[in-house]
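Each remark here refers to the structure printed beneath this line.
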Amino acid sequence: MMTVCTPTDCPEVTAEHISAMHAKYLVERDRRINRNHNDQYIPASGKWATLYEEDPYTAVVPREPVTGETDVVILGAGYCGMMVAAQLKKAGISNFYNIDHGGNFGGTWYWNRYPGIQCDNDSLVYMPLLEETGYMPSKKFADGYEIHDHCQIIADTFGLRENALFHTLIQSLKWDGEANRWNVGTNRGDQIKARFVVLAMGPLNKPKLPGIPGIDAFKGKIFHTARWDYDYTGGSWRNPELNKLADKKVAIIGTGATAIQIVPYLAKHAGQTYVIQRTPSTIDERNNRPIDPEWFASQKPGWQQERIRNFHHAAMERLAPGEPDLIQDIWTEISRNVSAELEAEGWPDVTMEEYAARREVWDYRVMERLRNRCDVVKDPETAEALKPYYRYLCKRPASNDDYYPAFNQPNVTLIDVAETQGVERLTEKGFVHQGVEYEVDCLIMASGYEVTNDLDRRWGIETIEGVNGLSIYDYWKDGFQTFQGMTAHNFPNMFFTGFTQAAANSSNSKTFVDQGFHIGYIASQALLRGATRVEPSAEAQDAYIKHLRSIAVDNSEYVVECTPSYFNNEGDQTKKRGIFGEPWGEGYYAFEDMLAKWRDEGGLRGLTLEGEKVTEPAE
Ligand code: NDP
């Protein structure tokens, strides 16, 4: 029996209610669309470069530049870079470097150490390679430092440490067609020749700042949430008692998934907290709980993949008749309820359109439930301002038990800047809202990351040049051009990861594991066959893209109607490149099956191999 939302929890909604809400959603969207879209943000470069470039956590150790040859350079040592590295090892390739800006493994889980940081979705799904590392997460939503520590376990389990170059930024990648090698240049003076390069930087690598007029004028303390300054706030990553904030006035800009986790800590410790909100998040109850060791020990081999698949079905596709919801949280609530409805009706056959229509009704019910949660806030104006008016998943859903109650404290004030699309301006002493200056000691930028901005700005690598000096930024100016989302014509021996023209699992880490596997397969096959150059042919790439587009699912209406965010290019519909790139329309596991079939054929169909002795691999 499925756990369902009762009518009290999720009020029944009439057609009139849906129509009125739909109209309100559009009004709320429209007043937030900033005509500068992505350009409203300031990159963390120039004057703000230190907010990105400096590492407040680990001292940079001087080292000699690295030169010479390697089989693979992997850009990144976060989840994506680590998954690629682990899969290369499994495929028999050990001669590689993970090159990363951070001082250790972890990527986003290295940099983000803000108070309250936890994984927002099921740790048993999200934390990769649990069976391979034998690791049991401590609770449903693990703390950030636990995830970081698990990254170290992965690095040690797969022997990745000796291959890592930390505190190093790749600045240039140039293809040398004579030698069939990539020349890799870094900010540490390294000049490495690599047979293959894998771009594995993940989506949240580069912080961005809100382009508030006067941002240069503010004389107080400013930092981004991805570089938390515990010297200033007091406390530490593993013990965030922010005792130095007791006499401070703090403003936090942004109310996305990050800020929701931080605000309760500011409320507890700071003399005064201003929460500057343009769009409210949806915030469900947390219901965090320890993982039961007995239950964990009883799981059969393969349990994690099964759980990930179940999560993906519930969160992004659809649960099969009778398929239970193993996750039971906000991410799966709508599917769980649609399934319970279908079960009660004896599992009738429903088309995708009928299924989507049922989901839509549940979307309105769940959003009504989530809005009602705000009424715990005693000031009615604040409670109303905290209510999210958009379809579920327009913004990343959050869950937190302490966020709304914080607004009942006298030292916490919500500053609702929806009408003005942000605070009016910053001054030397603070911020101005509706003509009133609020003096603050510290501004915390919870303003997110360069997720959908132009690739050169987002990746921060000056030069990526393939055949005949062709820049990837020019080649992909009007959208991705790839074969299987992971290789591109004109960019031999280079692999791409993430949301390009591949498929996206609801759990990023799963996507990275599988992409690492596929990349490991191609690279190892090339080495086995003595190939020095591997590249998709133009014809194979064109055919791939043609097919990808022929099966694409059009969800543009949903996306366009969403309140702006990085999920929809900040409301800019002229740009083709959304957060998920151009995903495989038949679904994640159909994409995986297609790749498995392609590998099973054994001929690397669509790829052109060149080299000293291209042969079929020996058994
Ligand atoms: P987001 O991009 O989600 O949020 C940025 C916030 O800044 C938004 O609330 C935005 O408002 C606000 N903002 C931007 N400019 C201004 C302005 N001028 N005035 C006022 N507000 C402004 O960033 P986050 O760091 O919160 O989250 C990024 C991602 O990190 C998440 O989506 C998630 O993928 C990941 N994350 C994951 C966690 C996990 O558990 N795994 C936990 C935390 C984060 P508006 O919405 O109006 O644009």
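Would it be correct to say that TYR79 is under 30 Å from HIS313 (Cβ atoms), within 16 Å of the ligand (Cβ to nearest atom), aromatic (Phe, Trp, Tyr) and in contact (Cβ under 8 Å) with a residue 40 or more places away in the chain? Yes.
On inspection, TYR110 passes the criterion of being within 16 Å of the ligand (Cβ to nearest atom), open to solvent by less than 40 Å² (accessible area, probe 1.4 Å) and within 30 Å of HIS518 (Cβ to Cβ).
Look at the stretch 95-115: where a residue is of a type outside the set (Asp, Glu) and a partner is within 12 Å of the ligand (Cβ to nearest atom) and in a strand (DSSP E or B), sitting 6+ places away or on another chain with Cβ atoms under 9 Å, you get THR108/TYR449; TRP111/PRO207; TYR114/ILE444. From the residues in the stretch 12-55 that are among the small types (Gly, Ala, Ser) and touching an Asp or Glu at 6+ places or on another chain (Cβ under 9 Å), which one is nearest to GLU561 (Cα to Cα)? For the stretch 12-55, the residue satisfying everything is ALA44. Suppose the filter is within 28 Å of ASP478 (Cα to Cα), at pLDDT below 75 and out of contact with any Pro (no Cβ under 9 Å at 6 or more places or on another chain); does LYS576 pass it? Yes.
Listed by position, the helices (runs of 4 or more DSSP H) enclosed by the stretch 1-112 that each have at least 1 residues that are in contact with a Lys or Arg (Cβ under 8 Å, 6 or more places away or on another chain) are 15-30, 50-53, 108-111.
Selection of the stretch 454-485 for residues being closer than 30 Å to ILE252 by Cβ and part of a loop (DSSP other than H, G, I, E, B) yields ASP454, GLY460. A count restricted to the stretch 23-58 and to residues that are open to solvent by less than 80 Å² (accessible area, probe 1.4 Å) and either without any contact (Cβ under 8 Å) to a residue 24 or more places away in the chain or of a type in the set (Gly, Ala, Ser) (or both) stands at 6. Just one residue in the set GLU64, GLU146 is without any contact (Cβ under 8 Å) to a residue 24 or more places away in the chain and surrounded by 16 or more Cβ atoms within 10 Å (Cβ to Cβ); that residue is GLU146.
In summary, THR487 fulfils each of the numbered conditions (1) over 20 Å from THR532 (Cα atoms); (2) in contact with a Pro (Cβ under 9 Å, 6 or more places away or on another chain) with the single exception of condition (1). VAL559 meets all of the listed conditions (1) within 16 Å of the ligand (Cβ to nearest atom); (2) hydrophobic (A, V, I, L, M, F, W, C); (3) assigned to a loop (DSSP other than H, G, I, E, B) but one, namely (3). Residues that are touching a strand residue (DSSP E or B) at 6+ places or on another chain (Cβ under 6 Å), assigned to a strand (DSSP E or B) and within 15 Å of the ligand (Cβ to nearest atom) within the stretch 213-233 comprise ILE222, HIS224, listed in sequence order. All conditions but one from (1) of a type outside the set (A, V, I, L, M, F, W, C); (2) more than 9 Å from the ligand (Cβ to nearest atom); (3) more than 20 Å from ASN408 (Cβ to Cβ); (4) within 24 Å of the chain's Cα centre (by Cα) apply to ASP247; the one that does not is (4).
Conditions (1) closer than 24 Å to SER507 by Cα; (2) surrounded by 17 or more Cβ atoms within 10 Å (Cβ to Cβ), marked per residue:
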site	(1), (2)
TRP331	yes, yes
SER335	yes, yes
VAL338	yes, yes
TRP347	no, no
GLU353	no, no
ALA357	no, no
TYR364	no, yes
LEU370	yes, yes
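Just one of the listed residues (THR500, THR463) is open to solvent by 10 Å² or more (accessible area, probe 1.4 Å), β-branched (Val, Ile, Thr) and touching a residue at least 24 places away in the same chain (Cβ under 8 Å), namely THR463. Beta carbons closer than 9 Å, at least 6 apart along the sequence or on distinct chains, pair a first residue in the stretch 380-396 that is closer than 17 Å to ARG31 by Cβ with a second that is of a type in the set (Lys, Arg) and open to solvent by less than 30 Å² (accessible area, probe 1.4 Å) for LEU386/ARG371; LYS387/ARG371; PRO388/ARG371; TYR389/ARG371. For the stretch 431-453, the candidate set comprises residues that are under 28 Å from LYS395 (Cα atoms) and in a strand (DSSP E or B); within that set, the residue that is farthest from the ligand (Cβ to nearest atom) is CYS442.
Residues in the stretch 243-280 that are assigned to a helix (DSSP H, G or I) and buried (at least 24 other Cβ atoms within 10 Å of the Cβ): THR258, ALA259, ILE260, GLN261, ILE262, VAL263, LEU266. Applying the criterion of being open to solvent by 70 Å² or more (accessible area, probe 1.4 Å), in contact (Cβ under 8 Å) with a residue 12 or more places away in the chain and out of contact with any Phe, Trp or Tyr (no Cβ under 8 Å at 6 or more places or on another chain) to the residues of the stretch 559-590, the residue that is nearest to HIS312 (Cα to Cα) is GLU586. Of the residues making up the stretch 120-140, none is within 16 Å of the ligand (Cβ to nearest atom), assigned to a loop (DSSP other than H, G, I, E, B) and under 14 Å from LEU75 (Cα atoms).
The values are calculated or read from the model by the stated rules, or taken from the named source; none is laboratory data. Since the model is a prediction, treat every value here as computed from it, not as a measurement. Don't worry about glycine lacking a Cβ; one is built from the backbone with ideal geometry, like all the others, and counts go over all protein chains shown. The area values use the complete protein model at the heavy-atom level, side chains included, leaving out ligands, DNA and RNA. Shrake-Rupley method; radii C 1.70, N 1.55, O 1.52, S 1.80 Å.
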